[in-house]
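Since every read-out is calculated from the coordinates, none of them should be taken as a lab result. These numbers come from a predicted model, not from an experiment. For neighbour counting, all protein chains shown are included, and Cβ atoms are generated from backbone atoms with ideal geometry for every residue, glycine included.
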Amino acid sequence: MAEQFNEIINSGQLVLVDFFATWCVPCKRMHPVLEQLKEQLGDKIRILKLDIDKNQALSATYRVQSVPTLMLFRNGELLWRQSGALGINELGGMVRQYL
């Protein structure tokens, strides 16, 4: 998974990574927000969801200590990072700064 992950975040496309856990209630609230964001932005962004319990090495590499943790990448560079659930207006406004 790490190789695929690196390949995806190193692309020229804007990639939003959602580190989540199936048992996390705020993570479940993020799901429809991420769907709305994808609907609004279409091909301008790729959204990748990573279950921290199934991707422990990647979670450790990126020092994910709480979920949800959202990270925005382009060309392998971490542009933005935040932990905690966000609403569509807050998340959408932040992402649009990097389009």
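Return the only residue of 38, 44, 49 being touching an Asp or Glu at 6+ places or on another chain (Cβ under 7 Å) and basic (Lys, Arg).
Details: 38 fails: touching an Asp or Glu at 6+ places or on another chain (Cβ under 7 Å); 44 fails: touching an Asp or Glu at 6+ places or on another chain (Cβ under 7 Å).
After applying the criteria, what remains is 49.
Could you tell me which of the residues 21, 60 is more than 19 Å from residue 86 (Cβ to Cβ) and of a type in the set (A, V, I, L, M, F, W, C)?
60
Under 6 Å by Cβ, and 6 or more places apart or on different chains, what pairs join a residue from the range 76-95 that is over 17 Å from residue 39 (Cβ atoms) with one that is among the basic types (Lys, Arg)?
Within 6 Å, the pairs are 85/29.
Scan the helices (runs of 4 or more DSSP H) fully inside the range 3-99 and keep the ones with 3 or more residues being surrounded by 15 or more Cβ atoms within 10 Å (Cβ to Cβ).
Values: elements: 25-41, 56-61, 88-96.
Those helices (runs of 4 or more DSSP H) span 25-41, 88-96.
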